[in-house]
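Notes to accompany the following structure.
The values are calculated or read from the model by the stated rules, or taken from the named source; none is laboratory data. As the structure is a prediction and not an experimental result, all values here were calculated from the model. Ideal geometry is used to build each Cβ from the backbone, glycine not excepted, and the neighbour counts take in all protein chains shown. Heavy atoms of the whole protein, side chains included, go into the accessibility calculation; ligands, DNA and RNA do not. Shrake-Rupley method; radii C 1.70, N 1.55, O 1.52, S 1.80 Å.
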Amino acid sequence: MIMTLQEIAVRVNGQLQGDAGVEISGVNNISGAQPGDITFADENHVSEAAGCRAGAVLLPKSVAEAQKGFPLPVVFVEDTRAAFAILLMAFTPPIVHEKGVSPEAHIGKDVKIGENVTIMPMAFVDDYAVIGDGVTLYPHTYIGQYAEIGGDSIIYSNATIREHCKVGARVIVHSSAVIGADGFGFTTKDGVHTKVPQVGNVVLEDDVEIGAHAGIDRATIGSTVIGKGTKIDNLVHIGHNCQIGPGNLIVAQTGISGSTTSGPNVTFGGQTGTVGHINIGGNSVFAARSGIIGNTPEGVFYAGFPARPHQEWLRMQAHLQKITDMAKKVKQLEKQLAALEKKE
């Protein structure tokens, strides 16, 4: 695809500065951009973008006045990342598969299949499952008995949607994710661990995305729920009976223990961990490797273990950097004190 800069400005609702007729044939990052590419930069990387080889640059409108002499053609936009995402979709040809059910797929008894579905070879749809309109099932996916897959959802290769689980519309489940594995529930007596039956399910609401190798455990009873629009990265574990709110962002290697509830728009940085049976307030951010060991209020920015206000954690880290020198000073003072006590 080739688009003029004028066409790009219209597509991303931007303000054009420079030659409207410049032709763009691709998108790239600042370091890799070539003359036919468009790239983007935020406020902190404007000078870097000014020296790149791109044919044009997306810049935030907040710097428009200061960049009237920018050396490359520019499209100023409200959000450079959002605009760049639009262009990535425009310049990347979509993956197209033939519609229909492959004869090499297994379709169980009494399965309901909607219109315009794509079920590829070696997909396994078990008895009584429901497959909505426009669903795509890649090879080696498993859809369990009584599971429901909502319209226009995509289940990639080797992903598993276990029995009775419900997947909403426009959900993406990446390769090797497991939705509905048994929750980690056992009773222990005399050193023997006995499994507690896990008879609930998992509900993925509309527009959820689940990363590769993520595990979402089914509830003991009731449902483990992932709220509308929540995005979960690779290698994340969500324990049984969790209630994850809408619009959460859960970054790689995070583990959320059973029966944890989060409000809307919570961000969990990479390798964050929680104890179970707690409530996490909405509109909060937890830095990478945070350890959340109790209920948290809304609207906080926490870090560290145990998780605490970010500024407080930064002060603690600054003090820890000085602890070796402080220890040396204490030893010197102890020696001086011992010498004074000896004289007395």
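In this calculation the C-beta distance from Val330 to Asn295 is compared with R0 = 35 Å, giving a FRET efficiency of 0.40. Split the accessible area of the chain by element, probe 1.4 Å, and carbon with sulfur accounts for 55%.
Between the C-alpha center of the range 74-105 and that of the range 280-301 there is a gap of 33 Å.
As a length-normalised measure over Cα pairs under 8 Å and 6 or more apart, the relative contact order of the range 82-205 settles at 15 percent. Surface listing: Ile2, Ile155 arranged by accessible area from highest to lowest gives Ile2, Ile155, probe 1.4 Å.
When you restrict to C-alpha pairs under 8 Å that are six or more residues apart and normalise by the size of the range 132-285, the relative contact order lands at 14 percent. Figure legend: label point modelled 7 angstrom from the Cα of His97 along Cα→Cβ; residues of the range 174-205 with amide N under 18 Å from it are 174-179. Please work out whether the chain counts as rounded, prolate or oblate from its C-alpha gyration tensor, where a ≥ b ≥ c are the square roots of the eigenvalues and a/c under 1.5 means rounded, while otherwise a/b larger than b/c means prolate and anything else oblate? Note, shape of the chain comes out oblate.
Full extension of the segment from Asn279 to Ala338, taken as 0.36 nm per residue of separation minus the current Cα-Cα distance, would add 16.0 nm. Shown is the FRET efficiency for Ala64 and Thr194, computed with R0 = 45 Å from the Cβ-Cβ distance and rounded to the nearest 0.05: 0.10. Each residue of the range 164-173 was assigned a 3J(HN,Hα) from its phi angle through the Karplus curve 6.51 cos²θ - 1.76 cosθ + 1.60 (θ = phi - 60°); the sequence is 6, 6, 10, 10, x, 7, 6, 8, 10, 10 Hz, with glycine and proline shown as x. Cross-link check: pairs Lys322/Lys343; Lys68/Lys231; Lys166/Lys195; Lys109/Lys231; Lys109/Lys166 evaluated at a Cα-Cα cut-off of 27 Å; pairs beyond the cut-off: Lys322/Lys343; Lys68/Lys231; Lys109/Lys231.
Annotation: amide H of Arg289 within the under-5 Å range of Gly270, Gln271, Thr272, sequence separation 5 or more or interchain, hydrogens built in the peptide plane.
Among Pro71, Pro94, Pro103, the largest mean-square fluctuation in a Gaussian network model of the chain (Cα springs under 10 Å) belongs to Pro71. Accessible surface of Val96, taken over heavy atoms with a 1.4 Å probe and every protein chain present, rounds to 120 Å².
At a probe radius of 1.4 Å, what is the per-residue accessible area of Leu320, in Å² to the nearest 10? Spelled out: Leu320, probe radius 1.4 Å, area about 90 Å². Rolling a 1.4 Å probe over the protein chains gives Ser62 an accessible area of about 90 Å². Taking a ≥ b ≥ c as the square roots of the Cα gyration tensor eigenvalues, the range 97-184 comes out rounded, since a/c falls below 1.5. Computed from backbone phi with θ = phi - 60° and the Karplus coefficients 6.51, -1.76 and 1.60, the 3J(HN,Hα) list for the range 25-37 is 10, x, 10, 7, 7, 4, 6, x, 5, 10, x, x, 9 Hz; x is used for glycine and proline. Highest mobility in the GNM of the chain, judged by mean-square fluctuation with C-alpha springs under 10 Å and restricted to Gln145, Gln67, Gln198, is found for Gln67. Return an integer: the convex hull volume of the alpha-carbon atoms of the range 228-344, in Å³ per residue. In the range 228-344, the Cα convex hull volume per residue is 122 Å³. Note on exposure: His310, His237 ranked by accessible area (1.4 Å probe, complete protein assembly) read His237, His310, with the most exposed listed first. Accessible surface area normalised per residue over the chain is 53 Å², counting heavy atoms of protein chains with a 1.4 Å rolling probe. Under 5 Å between amide hydrogens, built in the peptide plane, is the criterion, and for His164 it picks out Gln145, Tyr146, Ala147 among residues at least 5 positions away or on other chains.
Normalised by the number of residues in the chain, the average gap of Cα pairs under 8 Å and 6 or more apart makes the relative contact order 6 percent. Quick check: from the Cα gyration tensor, does the range 243-283 come out rounded (a/c under 1.5), prolate or oblate? Oblate.
If you sort Arg218, Arg53 by accessible surface, 1.4 Å probe, largest first, the order is Arg53, Arg218.
Using just its DSSP H runs of length 4 or more, each adding -39500 (n - 2.57), the chain gives a mean residue ellipticity at 222 nm of -5000 deg cm²/dmol after division by all residues.
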